[in-house]
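Visitor: Below is one structure. I have some questions about it.
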Amino acid sequence: MPLLATFEIVDWLILVLYFAVMIAIGALAARGQSGTQSFFLGGRAMPAWAVTLSVLATSLSAATFIGVPQLSYNGDWTYLIFNIGAILGAILVAFVFIPPLYHAGTITIYGYLDQRYGAAAAVGASTAFLVGRLLASGARLFMAGIAFSLILFDEPRTNYLIFAIVLLGAIGTIYTVCGGIKAVIWTDVLQIIVVIGAAILSIYLLLQRIPLSITELIDLLEHVHGENKLRVVDWTWTGSRPFTVWGGCAVTFLYVASFGVDQDLIQRCMTTRSTWGASGSMIVSNLLAAPVILLFLVIGSLLYVFYNMPDVMGAAAPIVGVTDSRQVYPQFLVHQLPAGLSGLAMAGMFAAAMSSFDSAVNAMAATVIGDLWTPWKRWWRPTSNHEIDPDTGLHVPRLAVLGMGVLLTGFAVVATYLQQAGGQTLVDFALGVMTFAYAGLLGVFLTALLTPRGNNASAIAALFAGAVVVLLCQPYMLPRLMGQQFTLAMPWWMVIGTTVSFLVCVAGAPGHRPAGGVD
């Protein structure tokens with residue numbers, strides 16, 4: 001297929017304008033920045049409402065925009081039950097994690113572990129985060145590349161997908177290099193509005209194309225081949241299925257980790273004026289997330305009718321079907337919407353992708369500077385009291401952002417091969433990959449926040465223990481250990497891994513904090 005074959009000129013103008021606005025916001029956000037603290041923490045002067053929308057935008061990401069419709073297209077609405085764990089996790093983080101981490105006054109939350117245990121624990125935790133975030137955010141960028149490659153080439157080939165990933169990564173890196181965390185937050189505010197608008201527009205257009213009333217659609221979806229595609233609650237007592245009521249409770253561990261020990265999400269909460277603003281932003285953003293996720297579940301169900309029920313669609317049935325459920329929503333946006341609306345809807349998809357990419361790049365750079373670069377410089381030049389050389393200004397933080405952007409984009413390319421080999425859904429792939437880091441990090445932070453125990457050695461051992469347990473819980477490992485029929489769904493990996501990690505960390509006797517850490 002020739003390049004740029006699927007979009008009209010007006011669609012491309014809309015997308016070009018969207019990307020130009022993102023870069024312009026990054027340039028405007030750069031004004032008034034004078035050092036590492038303002039670049040990564042925004043001077044702790046960001047309004048809580050903007051932070052709330054930024055957290056919401058980042059927590060949704062391309063995994064929601066593309067992956068959630070895939071889930072309801074293939075199955076039902078039981079993924080919505082995960083919001084039980086998300087809301088519980090947000091409340092726990094708001095009242096247990098945020099106050100002490102905010103008052104620690106460090107560039108990243110891992111600086112708290114430096115104050116609590118020492119530099120080795122902080123370096124170990126930040127390294128675990130960097131590896132995990134590289135994997136997870138690379139997977140999300142890969143998802144966005146699926147849709148973009150369809151726009152560019154109208155053909156799902158691997159080399160086209162790689163080109164799309166590199167182009168998206170370059171754009172996201174540019175405006176994040178310019179404006180730091182302020183650019184991340186203000187672009188996220190615009191992007192979440194675009195995301196929600198695109199979802200509502202898609203539902204409206206699908207309802208217009210499907211020749212059934214809403215009541216008839218509900219009745220049809222409740223009895224598709226004898227199954228209820230609108231089912232939300234699944235009481236099945238099993239460890240092998242993720243989206244059950246029990247899995248929704250178990251996934252609380254995953255969300256506590258995602259909101260409380262992942263620099264990517266909690267960093268913007270640290271930019272508010274007070275702990276009340278930070279905690280409120282965390283809770284409200286997750287209350288808003290449930291209805292937004294519901295929108296994308298509705299889209300997947302409507303797409304199932306649109307593509308798989310020609311007897312219902314009649315003359316309105318699409319000429320070309322869908323062979324890969326990963327591409328069901330992007331293909332609809334590219335091929336089924338009129339000129340102009342396709343550009344608006346695809347801008348929403350890119351908004352979801354960019355909101356997770358830019359925050360990940362910024363958080364990873366903050367971790368490199370705050371937890372790896374600065375301690376090394378203080379060890380190498382102990383007489384220096386500066387976080388960075390006075391003559392470099394913002395050069396070092398921006399170089400760190402640039403480096404992380406290149407690294408993350410590179411892994412997204414690798415993810416194209418990993419996901420194809422694994423055969424997982426997009427959401428399973430994106431959520432599951434971060435648990436390797438989360439289990440150990442959550443165990444260490446729970447020990448530090450809730451007990452007087454632990455030390456450098458036990459913290460590092462706990463990080464390794466969490467990752468090893470999650471590895472043993474993988475579908476390709478557990479059946480070999482427990483029997484061919486024994487598998488555990490992703491939410492339970494965190495429960496077991498965090499428990500083991502906590503026990504390992506708390507086993508360490510309280511140690512004296514080494515001198516020379518960051519206060």
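Visitor: Just for the stretch 411-421: of the residues that are modelled with pLDDT of 80 or more and not small (Gly, Ala, Ser), which one is farthest from residue 497 (Cα to Cα)? It would help to see each step written out before you state the result.
Guide: Keep residues of the stretch 411-421 that are modelled with pLDDT of 80 or more, which gives 411-413.
Those left that are additionally not small (Gly, Ala, Ser): 411, 413.
Values: 411: 25, 413: 29 Å.
Looking at residues that are modelled with pLDDT of 80 or more and not small (Gly, Ala, Ser), I get 413.
Visitor: Okay, moving on. Which ranges mark the helices (runs of 4 or more DSSP H) fully within the stretch 192-278 that have 2 or more residues being in contact with a helix residue (DSSP H, G or I) (Cβ under 8 Å, 6 or more places away or on another chain), farther than 22 Å from residue 85 by Cβ and not charged (D, E, K, R)?
Guide: Numbers: elements: 214-221, 245-250, 252-260, 263-269.
Those helices (runs of 4 or more DSSP H) span 214-221.
Visitor: What pairs can you find where one residue is in the stretch 230-242 and of a type in the set (A, V, I, L, M), the other is exposed (fewer than 15 other Cβ atoms within 10 Å of the Cβ) and modelled with pLDDT of 75 or more, and their Cβ atoms are less than 6 Å apart, with a gap of 6+ or different chains?
Guide: Close Cβ pairs satisfying both conditions: 230/222.
Visitor: So, residue 260, is that one closer than 30 Å to residue 45 by Cβ, at pLDDT 85 or above and surrounded by fewer than 24 Cβ atoms within 10 Å (Cβ to Cβ) or not? Quick ask: steps written out before the conclusion?
Guide: Numbers: closer than 30 Å to residue 45 by Cβ: yes; at pLDDT 85 or above: yes; surrounded by fewer than 24 Cβ atoms within 10 Å (Cβ to Cβ): no.
Considered against the rule, which asks whether it is closer than 30 Å to residue 45 by Cβ, at pLDDT 85 or above and surrounded by fewer than 24 Cβ atoms within 10 Å (Cβ to Cβ), residue 260 comes out as no.
Visitor: Kindly indicate the residue of the stretch 99-115 that is part of a helix (DSSP H, G or I) and surrounded by fewer than 24 Cβ atoms within 10 Å (Cβ to Cβ) and also farthest from the chain's Cα centre (by Cα) among those meeting that condition. Working first, answer last.
Guide: Residues of the stretch 99-115 that are part of a helix (DSSP H, G or I), as a first pass: 99-103, 110-115.
Narrowing further to those that are surrounded by fewer than 24 Cβ atoms within 10 Å (Cβ to Cβ): 99-100, 102-103, 115.
Values: 99: 23, 100: 24, 102: 22, 103: 25, 115: 28 Å.
My answer is 115.
Visitor: Is one or more of the residues making up the stretch 309-324 in a helix (DSSP H, G or I) and on the phi > 0 side of the Ramachandran plot? Don't jump to the end; show me each part of the working.
Guide: We begin by selecting, within the stretch 309-324, every residue in a helix (DSSP H, G or I); these are 310-316.
In the following step, the residues that additionally are on the phi > 0 side of the Ramachandran plot were identified as 314.
Yes; the residues of the stretch 309-324 include at least one that is in a helix (DSSP H, G or I) and on the phi > 0 side of the Ramachandran plot.
Visitor: Kindly provide the set of residues from the stretch 422-465 that are in a loop (DSSP other than H, G, I, E, B) and either modelled with pLDDT of 90 or more or buried (at least 24 other Cβ atoms within 10 Å of the Cβ) (or both), ordered by number.
Guide: Pass one, the stretch 422-465, residues in a loop (DSSP other than H, G, I, E, B): 423-425, 434, 451-455.
If the condition is that a residue be in a loop (DSSP other than H, G, I, E, B) and either modelled with pLDDT of 90 or more or buried (at least 24 other Cβ atoms within 10 Å of the Cβ) (or both), then 434, 451, 452, 453, 454, 455 are the ones that fit.
Visitor: Right, here's the next one. Looking at (1) touching a residue at least 12 places away in the same chain (Cβ under 8 Å); (2) touching a Lys or Arg at 6+ places or on another chain (Cβ under 8 Å); (3) under 30 Å from residue 308 (Cα atoms), find the lone condition where residue 273 falls short.
Guide: (3)
Visitor: While we're here: Looking at 117, 110, can you tell me which residue is modelled with pLDDT of 90 or more and over 29 Å from residue 172 (Cα atoms)?
Guide: Working: 110 fails: over 29 Å from residue 172 (Cα atoms).
Result: 117 is the single residue among 117, 110 that is modelled with pLDDT of 90 or more and over 29 Å from residue 172 (Cα atoms).
Visitor: Residues of the stretch 501-511 being surrounded by fewer than 19 Cβ atoms within 10 Å (Cβ to Cβ) and either at pLDDT below 55 or more than 12 Å from residue 452 (Cα to Cα) (or both), which ones?
Guide: Correct list: 503 only.
Visitor: Looking at (1) modelled with pLDDT of 75 or more; (2) over 23 Å from residue 255 (Cβ atoms), can you tell me which one residue 484 breaks?
Guide: (1)
Visitor: Regarding the stretch 174-185, can at least one residue be identified that is closer than 23 Å to residue 70 by Cα, of a type in the set (S, T, N, Q) and in a helix (DSSP H, G or I)? Step through it out loud before you land on a result.
Guide: So in the stretch 174-185, the residues closer than 23 Å to residue 70 by Cα come out as none.
Looking for residues that are closer than 23 Å to residue 70 by Cα, of a type in the set (S, T, N, Q) and in a helix (DSSP H, G or I), one finds none in the stretch 174-185, hence no.
Visitor: Taking the condition of a type in the set (S, T, N, Q) and surrounded by 21 or more Cβ atoms within 10 Å (Cβ to Cβ), does residue 213 pass?
Guide: Details: of a type in the set (S, T, N, Q): yes; surrounded by 21 or more Cβ atoms within 10 Å (Cβ to Cβ): no.
Against the criterion (of a type in the set (S, T, N, Q) and surrounded by 21 or more Cβ atoms within 10 Å (Cβ to Cβ)), residue 213 does not qualify.
Visitor: Considering only the stretch 106-118, how many residues are among the small types (Gly, Ala, Ser) and within 18 Å of residue 364 (Cα to Cα)? Can you show your working first?
Guide: Of the residues in the stretch 106-118, the ones among the small types (Gly, Ala, Ser) are 111, 118.
Retained after the next criterion (residues that are within 18 Å of residue 364 (Cα to Cα)): 111.
Residues meeting the conditions: 1.
Visitor: Another question about this same structure. Return a yes/no flag: does the stretch 60-83 have any residue that is more than 25 Å from residue 138 (Cα to Cα) and within 19 Å of the chain's Cα centre (by Cα). Before the answer, list the steps.
Guide: Going residue by residue through the stretch 60-83, those that are more than 25 Å from residue 138 (Cα to Cα) are 75-78, 81.
After this cut, where a residue has to be within 19 Å of the chain's Cα centre (by Cα) as well, the list is 81.
Yes, that holds for at least one residue.
The values are calculated or read from the model by the stated rules, or taken from the named source; none is laboratory data. Keep in mind the model is a prediction, meaning the values are calculated, not measured. Backbone-built Cβ (ideal geometry, glycine too); neighbour counts: all protein chains shown.
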